[in-house]
Amino acid sequence: MKAPLFFLDTDAKILDLIRKGDEEALVMLYEANRRMIMAYAARNNGTADDGQDLLQDALMVLWERVRAGRFEFSAKLSTFLFATAKNLWMRRLAKQRRESPGILDPDSHPDGGISLLESLIESEEATMVQEALMTIGEQCRQLLLLFYWEELSMEEIAGRMGFANADTVKSKKYQCKKALERILAGVMKE
Amino acid sequence: MKTTMQNQNPHWTSDPDLVERYVLYRIDSAERSQLADHLRVCEDCVCVVRNEEVLVAGIRAHGRAALKGRLKERVATGQGREFSWYQLAGAAAAIVVLITVGVHNRWFMTDGVQRSPETLDMMEEKQSLPLKEQDDAEKRDERISMDQKGEEARQQSEGASAGAPDQRKSVPQRQMQYESTPAPVAESLSPRGPVEPYSLSAKPVPSTVMMLQKNPEVWLEGRILEGETLPSQVLERKDRAEEESKRKAAEMSAARRSKEGARMEEGIDQQEGLQLIQRPLADLPQSQQTRQRKDPESVPALLERSDSLAQLTLFLDPLHPETDLDRAAIEQVTRDSIVIDVGAQRIGFKIPRWVDVPLQLRKGRR
């Protein structure tokens, strides 16, 4: 069944804010969906903190997908957030039970589904990368974030960071990535 | 674009750009499917892809953590409490609805007297009935009220009063209500000239005054009406309403005859009519004297009713000669307003609709 036009209009406005990078959209979504997600967490033996954390993570997934242009607007945002929170919660429960999270199809991106990459974000390995990232220079960290997280194009990054052109950015990005890998390799050896 | 098929190296993962595009979902699904097929038979390639995925996941985790921290901070500091436009719109709509309901209740559902929801329901039911059935309904109401209130009514009746300061100027909504209603009876035009378009009101009194027969006292506050010329629009409306008024008067007369017949059957004393009495202001109870001093233009009156007697005592100075009282007349100008013509005075009273006031004065001993 199609969502009411009223909600579609509201969701469209929020999506537009996210595309523009306005973080107020996240606050609006947080307030609008907090009760629902908290209630879900409570029903599934989660705490209030779990509920808040779930909603924040679901919002991050939405933010990343919309910013990267990988979000297909086929349902209400609240539906997407609820499905995402539910999947995140199931994965956490599986992790607590030391069960395999199951085979994830990296190609599949159904609404609310968690991709392999998204699931890796909560892994210990990703935490190590995060720590390594803190040790490289500010410019490199900023560039890598713009490219891999914000998923901006080389041209956009050049404009944002004041580089001469896209080729310069590409070269700089290669150097920064190699630097990060070296730090990471050192950490792995330890 | 370089793909597996185009590469000399059979392991496509040796191309860092391709691995990056694969991990970031920046290749189309057909090509991606081909690359995924190769991963099923190349463990080293899986490791390369996996390392890239972890690297990207770690960078994203960093960005996500920073954004999440900002979100937490905004929510915690209350910035997130700002209402969105649709929440504000909803709240505004709710306020408008509440105000509308309040105004409606105040303007159209009260005549200055507080009533319980049950009473309002009964009154609504009564108004939809023919006159004869209204009489029956009123009797039923009185019985119900008597059962419900009992002794409490007697205690409250002393404090119950009717009448209010002159609202001709100060309470336009009452005027509006009257003006929107055609003049109800032909008698509204007095023999001495047109009746001023006045507005009378009863001050809020407990709903127990409904039990007038059981608890037969209610204080009314009269207004001495000046014989001013009516505004032309009111006169026009009165002309238009004259025929309708005559018809209603005939209906009321028939209903009254029918009521009398019913009372005869019940063996009730048939001495019908309102006994008019006058007393000096000095005889007013203390509470009513205070009220009268605040509004010297008012004419306090005590309406007393028993099964066989209705009596209206006017408190005024100076008193009218007895002959004036003998020649006094009563007329109903609206459903809930009456005018007493006594001597040179015309005194208007607002009567709660459930109070049954005889519309003829009884002559005789006072």
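Out of the range A:138-169, which residues are assigned to a loop (DSSP other than H, G, I, E, B) and either of a type in the set (Phe, Trp, Tyr) or away from chain B (no Cβ under 14 Å) (or both)? Break it down stepwise before answering.
Here is the first cut: in the range A:138-169, the residues assigned to a loop (DSSP other than H, G, I, E, B) are A:150-153, A:162-165.
Within the range A:138-169, A:GLY162, A:PHE163, A:ALA164, A:ASN165 meet the criteria.
In the list A:GLU124, A:GLU118, A:GLU99, A:GLU155, which residue meets the criterion of being at pLDDT below 90 and in contact with a helix residue (DSSP H, G or I) (Cβ under 8 Å, 6 or more places away or on another chain)?
A:GLU118
Exactly one condition in (1) surrounded by fewer than 19 Cβ atoms within 10 Å (Cβ to Cβ); (2) at pLDDT 85 or above is not met by A:LEU77; state its number.
Every condition holds for A:LEU77 apart from (1).
Can B:ASP17 be described as more than 28 Å from A:VAL66 (Cα to Cα) and either within 11 Å of another protein chain (Cβ to nearest Cβ) or at pLDDT 85 or above (or both)? Reasoning before the result, please.
Working: more than 28 Å from A:VAL66 (Cα to Cα): no; either within 11 Å of another protein chain (Cβ to nearest Cβ) or at pLDDT 85 or above (or both): yes.
Against the criterion (more than 28 Å from A:VAL66 (Cα to Cα) and either within 11 Å of another protein chain (Cβ to nearest Cβ) or at pLDDT 85 or above (or both)), B:ASP17 does not qualify.
Among B:GLU297, B:GLU304, which is the only one that is of a type in the set (Asp, Glu), under 21 Å from B:ALA344 (Cα atoms) and at pLDDT below 85?
Step by step, each of B:GLU297, B:GLU304 is checked, and only B:GLU297 is of a type in the set (Asp, Glu), under 21 Å from B:ALA344 (Cα atoms) and at pLDDT below 85.
With respect to the numbered conditions (1) within 13 Å of another protein chain (Cβ to nearest Cβ); (2) assigned to a helix (DSSP H, G or I); (3) farther than 15 Å from B:VAL75 by Cα; (4) not small (Gly, Ala, Ser), which one is the sole condition not fulfilled by A:PHE71?
If we test A:PHE71 against (1) within 13 Å of another protein chain (Cβ to nearest Cβ); (2) assigned to a helix (DSSP H, G or I); (3) farther than 15 Å from B:VAL75 by Cα; (4) not small (Gly, Ala, Ser), just (2) comes out false.
Quickly run through the range B:68-79 and pick out the residues that are surrounded by fewer than 19 Cβ atoms within 10 Å (Cβ to Cβ) and either modelled with pLDDT of 90 or more or not in a loop (DSSP other than H, G, I, E, B) (or both).
Let us first name the residues in the range B:68-79 that are surrounded by fewer than 19 Cβ atoms within 10 Å (Cβ to Cβ), namely B:68-70, B:72-74, B:76-79.
Across the range B:68-79, the qualifying residues are B:LYS68, B:GLY69, B:ARG70, B:LYS72, B:GLU73, B:ARG74, B:ALA76, B:GLN79.
With the requirement that a residue be basic (Lys, Arg) and within 13 Å of chain B (Cβ to nearest Cβ), what does the range A:20-68 give you?
A:ARG34, A:ARG65, A:ARG67, listed by residue number.
What residue, of B:ALA61, B:ALA57, B:ALA65, is surrounded by fewer than 17 Cβ atoms within 10 Å (Cβ to Cβ) and at pLDDT 80 or above?
B:ALA65
The values are calculated or read from the model by the stated rules, or taken from the named source; none is laboratory data. Here the structure is a predicted model, which is why all the values come from computation and not from measurement. With ideal geometry, Cβ positions are generated from the backbone for all residues, glycine too; neighbour counts draw on all protein chains shown.
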